[in-house]
Amino acid sequence: MIVNGTPVSGTPRPGQCLRTFLRDSGWFGVKKGCDAGDCGACTVHVDGVPVHSCIYPALRAAGREVTTIEGLSHPVQQAFLDTQGFQCGFCTPGMIMTAAALTPEQQADLPRAMKGNICRCTGYSAIADAITGTTRIFRPNVPVVAPIGHPVPAPAGPDVVTGRARFTADLGPEEPDAVPPEPPLHMKLLRSPHAHAEIRSIDASAASRVPGVVAVFTYEDSPARRFSTARHHDPDDDPYDTLVLDRVVRFAGQRVAAVVADTVAAAEAACALIEVDYDVRPAVTDAVSAIRPGAPLLHPDLAPRNVAADVHREAGDPDRGFAAADEVYEQTFRVQRVQHVHLETHTTVGWMSRGRLVLRTSSQTPFLTRDELCRIFGLEKDQVRVVVKRTGGGFGGKQEMLTEDVVALAVLATGRPVHLEFTREEEFSAATTRHPMEITVRAGATRDGTLTALALTVTSDTGAYGNHAPGVLFHAIEEAVTAYRCVNKRITARAVYTNTVPAGAFRGYGLSQTVFAVECAFDELARLLGLDPAEFRRRNLIREGDDLVNGSGEPSDVSTASVGAAECLDLVEKALASGRGSAAPDGWLTGTGIAVGMLDTVPPGGHDGRARVAQLPGGRYAVFAGTAEFGNGTTTVHQQLAARVLGCSPTDVDVLSSDTDRSGHDTGAYGSTGIVVAGTATVRAARALAEAMAADPGGEKLLEAEGYCDGRARSVSFAAQGLRIAVCPPTGEIRILQSVQAVDAGTVINPAQLRGQVEGGVAQALGAALFEEVRLDSAGQVTTRALREYHVPVLADLPRTEVCFAATRDANGPFGAKPMSEAPFNPVAPALANALRDATGVRFTALPLRRDVVYGALNPEGA
Ligand code: FES
Ligand code: FES
């Protein structure tokens, strides 16, 4: 075949698809999101026609002309740069290849034309703008001082739209210090078919005889040290309940053995030949059953009642508060398991370099991963390097160590480079999910709308392991209740082990579940009181200077000096009243709903951010930051912050991040800390450098300086969502007529990126509110194992969201900025449920609000 004008010859392996054939030939712009024809990340042109190369046999391309993103030259690539039509950029090559081949007729019907391409980050609006040539003008509502407040483009953009950007598995020769010295072996994992069992024995002799197999690892090879896959500033935050390979399996999908071989096919064939003798144990797959007396115990030594964490808090006198109320509303809400579906799956390549273990991995926490590997394998920190290249999305899913430990085991044992890349099926069945929760809310208020008491009872299902179980539980019960001024509060919450796929960190970190419950309950309480739901919130939301009440008995360390909640509500109401948006089809019911979510700007307990800024020749600067870029825009913002301090252009600043050899210890890119903590460290380093430069007016030395932020200063940010919807009673279909979100993000550093984060957060949340769900059968097996079974929103599923910025300024964040990566997700589902209640009169108490569920509620006789 001719690939990008160059003849390529070779014999594909039997059954090999064009995607892997092209990547084997070095065309790394051909990505893998699913290998099943569902996501479009692998799109290339064959004789000018776009195809999903993962389901296109390589042999079929013989004699044809193949074009990958590297060989494309099309105006739409510049348009993606102009509109900032990407975040992580993993979907972008495929998006562009599809867009570049659209006819005018297809361009006129983008929802249909782009249905084969998934983007998990952007919410599609900026992508649609790029394809249609639409320019959106940013009008900041506060004075800006360049480059702060300007839509500075992402520096990686030109590489992303041409396929030159290197993600974890793209082992190109141009990064000699970050690729293995020889092609890596491939690892495949044998996984348990049982939800709960003890392994009596494993016979890997037949597997070991498969040609090309180098090693098979079982529990007998595992280090004995227990750890948590969760990565946290304080590792003691999570129970030490996991082994690299365990003799007890606690969910269907848990690793049982690891095979490394010359090829993926040999590793897969060997996995199929491993014989495991299981002693199958009783399993418990729901949280309510798991805490009943006599339930099977998952970790009897750690959790004798299957309780991974529990909290009881009380403030004021809740009983008296409820007695003083004119109306009390109580309801139980259920929030489902959803998956992050970052388009780049978990992947790690490991090798030895001059006696050191090097891991190139897709992670939000390179330093914490290094530290835990040292603890597990008994290594010193200078014996391990963890490097993170461009990462294809995370959303909390990569605040875990799901591949690095077993790759390290194989590299240390064989001395050879090893690559492990999860399939999409493994992402669904063996990576982590959002914690499913059952939340009972009881809320009381007096006739004038004053909240007199609020009580929450929360049961969180952490699955088979306790990674993030305590943290998510504590966070879930924090901002959802501290956002409101009520002095009488009672909280009972617990996280429970079950024999199901583990839950973990997920955008919002527990708040999307409790905010759904509280904001739905307040909507009903306002109705009981005859008050407008927005007005009820306005009367009760915290105000500047308030003390936060969480019932812990401890004074809060969170500052409320800047509170933009009321302004966000005003902006949403104004937009909803504007008449913008679509009209409802004839005969459909219509309704409007709002909800608000608060987020503390930094996780509790501190968060290390370290940065180094160095002078380069020619008036340029380099920022070495420990935090990771995974589509959240950190790199661009750090350029802007350093440039503002140093008085140069952002294009004069190179940002090099997330390599444990290049900067001081950084806790990682989670908890929305990329700007507020890591950015503050960069500002401090840049200021120190500016002072050093002022003291060296001759400029004879090349200077550098360091900055540190301990993440102790915390404040609050808000996001308010408004939705106007139409509902079709005969079918249950929901159509979104207008979507608006207003955010209190403090000083807006980069309006294009901020708007993109909000649009992407709303899009991901609408998917979780409307149809996404990781489903399990009664034996605990995940049944939604492919994107087409799970339904990630495509362009056709989503409305455009109008994004408004409140004019606030934070005392802690750099130049007054607050974070806004997680907060946009949280108020969306309750706003949708409230709009549905407004339209239909029915209070839906469980997510997702699928069409069949809505239909069933509206047509009880036909359901
Ligand atoms: S990787 Fe080919 S469609 Fe997803
Ligand atoms: S930018 Fe589309 S998946 Fe990340």
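Among the residues of segment 483-502, what is the count of those that are closer than 23 Å to residue 238 by Cβ and either in contact with a helix residue (DSSP H, G or I) (Cβ under 9 Å, 6 or more places away or on another chain) or crowded, with 24+ Cβ neighbours inside 10 Å (or both)?
11
Residue-by-condition table, conditions (1) within 16 Å of ligand 2 (Cβ to nearest atom); (2) surrounded by fewer than 21 Cβ atoms within 10 Å (Cβ to Cβ):
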site: 57; (1), (2): no, yes
site: 61; (1), (2): no, no
site: 81; (1), (2): yes, yes
site: 85; (1), (2): yes, no
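Beta carbons closer than 7 Å, at least 6 apart along the sequence or on distinct chains, pair a first residue in segment 408-424 that is more than 13 Å from residue 180 (Cβ to Cβ) and modelled with pLDDT of 95 or more with a second that is within 16 Å of ligand 1 (Cβ to nearest atom) and among the aliphatic types (A, V, I, L, M) for 421/169; 424/36; 424/786; 424/787. If you check 567, 554, 524, 544 for being at negative phi, free of Cβ contacts under 8 Å to residues at least 12 places away in the same chain and among the charged types (D, E, K, R), only one passes: 554.
Residue by residue, here is whether (1) surrounded by fewer than 24 Cβ atoms within 10 Å (Cβ to Cβ); (2) of a type in the set (Gly, Ala, Ser) holds:
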site: 346; (1), (2): no, no
site: 377; (1), (2): yes, no
site: 386; (1), (2): no, no
site: 412; (1), (2): yes, no
site: 422; (1), (2): yes, no
site: 430; (1), (2): yes, yes
site: 442; (1), (2): yes, no
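For segment 18-44, a residue qualifies if it is farther than 25 Å from residue 340 by Cα and buried (at least 22 other Cβ atoms within 10 Å of the Cβ), and the qualifying residues are 18, 21, 22, 27, 44. Counting only helices (runs of 4 or more DSSP H) that sit wholly inside segment 106-207, those with at least 3 residues that are within 16 Å of ligand 2 (Cβ to nearest atom) and crowded, with 20+ Cβ neighbours inside 10 Å are 125-132, 157-162. Which of the residues belonging to segment 35-74 are of a type in the set (D, E, K, R), touching an Asp or Glu at 6+ places or on another chain (Cβ under 7 Å) and within 13 Å of ligand 1 (Cβ to nearest atom)? Matches in segment 35-74: none. Here residue 519 meets each of (1) buried (at least 24 other Cβ atoms within 10 Å of the Cβ); (2) over 30 Å from residue 840 (Cα atoms) with one exception, condition (2). Look at segment 91-131 and say how many of its residues are in contact with an Asp or Glu (Cβ under 7 Å, 6 or more places away or on another chain) and among the polar types (S, T, N, Q). Of the residues in segment 91-131, 2 are in contact with an Asp or Glu (Cβ under 7 Å, 6 or more places away or on another chain) and among the polar types (S, T, N, Q).
Among the residues making up segment 639-682, a single one is in a helix (DSSP H, G or I) and among the basic types (Lys, Arg): 644.
Just to confirm my filter: which strands (runs of 3 or more DSSP E) fall fully inside segment 684-762 and include at least 2 residues that are in contact with a strand residue (DSSP E or B) (Cβ under 8 Å, 6 or more places away or on another chain), touching a residue at least 24 places away in the same chain (Cβ under 8 Å) and surrounded by fewer than 16 Cβ atoms within 10 Å (Cβ to Cβ)?
Numbers: elements: 704-709, 716-728, 733-744.
Where strands (runs of 3 or more DSSP E) fall fully within segment 684-762 and carry at least 2 residues being in contact with a strand residue (DSSP E or B) (Cβ under 8 Å, 6 or more places away or on another chain), touching a residue at least 24 places away in the same chain (Cβ under 8 Å) and surrounded by fewer than 16 Cβ atoms within 10 Å (Cβ to Cβ), they are 733-744.
Within segment 345-354, is there a residue that is of a type in the set (Gly, Ala, Ser), in contact (Cβ under 8 Å) with a residue 24 or more places away in the chain, more than 16 Å from ligand 2 (Cβ to nearest atom) and under 18 Å from residue 454 (Cα atoms)? Taking every residue of segment 345-354 in turn, none turns out to be of a type in the set (Gly, Ala, Ser), in contact (Cβ under 8 Å) with a residue 24 or more places away in the chain, more than 16 Å from ligand 2 (Cβ to nearest atom) and under 18 Å from residue 454 (Cα atoms). If you go through segment 571-587 one residue at a time, do you hit one that is charged (D, E, K, R) and in contact with a Cys (Cβ under 9 Å, 6 or more places away or on another chain)? Yes, there is a match, as at least one residue in segment 571-587 is charged (D, E, K, R) and in contact with a Cys (Cβ under 9 Å, 6 or more places away or on another chain). Taking every residue in segment 639-666 that is within 13 Å of residue 146 (Cα to Cα) and crowded, with 18+ Cβ neighbours inside 10 Å and pairing it with any residue that is among the basic types (Lys, Arg) and at pLDDT 90 or above, at least 6 positions away or on another chain, the pairs with Cβ-Cβ distances below 8 Å are 645/687. At least 3 residues being exposed (fewer than 15 other Cβ atoms within 10 Å of the Cβ) is the threshold, and among the strands (runs of 3 or more DSSP E) wholly inside segment 221-340 those reaching it are 275-280. Of the set (1) among the acidic types (Asp, Glu); (2) closer than 30 Å to residue 267 by Cβ; (3) surrounded by 24 or more Cβ atoms within 10 Å (Cβ to Cβ), all apply to residue 478 but (2).
Under the condition of being charged (D, E, K, R) and assigned to a strand (DSSP E or B), the residues counted in segment 481-523 number 3. Of the candidates 32, 115, the single residue that is near ligand 1 (Cβ under 10 Å from one of its atoms) and among the basic types (Lys, Arg) is 32.
Scanning segment 167-177 for residues that are touching an Asp or Glu at 6+ places or on another chain (Cβ under 9 Å) and within 21 Å of residue 262 (Cα to Cα) yields 168, 169. I'd like to know if segment 9-25 contains one or more residues that are hydroxyl-bearing (Ser, Thr, Tyr), within 14 Å of ligand 1 (Cβ to nearest atom) and out of contact with any Cys (no Cβ under 9 Å at 6 or more places or on another chain). Within segment 9-25 (the criterion being hydroxyl-bearing (Ser, Thr, Tyr), within 14 Å of ligand 1 (Cβ to nearest atom) and out of contact with any Cys (no Cβ under 9 Å at 6 or more places or on another chain)), the answer is no, since none of the residues qualifies. Select from segment 91-150 the residues that are in contact with a strand residue (DSSP E or B) (Cβ under 7 Å, 6 or more places away or on another chain) and at pLDDT below 95 and list them in ascending order. Within segment 91-150, just 141 meets the criteria. Taking the conditions exactly as written (under 25 Å from residue 489 (Cα atoms), in contact with a strand residue (DSSP E or B) (Cβ under 9 Å, 6 or more places away or on another chain), crowded, with 22+ Cβ neighbours inside 10 Å and at pLDDT below 90), does residue 596 satisfy them or not? Judged against the criteria, residue 596 is not a match.
The values are calculated or read from the model by the stated rules, or taken from the named source; none is laboratory data. On a predicted model such as this, the values are computed, not experimentally measured, just so you know. Methodologically, a virtual Cβ is constructed for each residue, glycine included, from the backbone with ideal geometry; neighbour enumeration extends over all protein chains shown.
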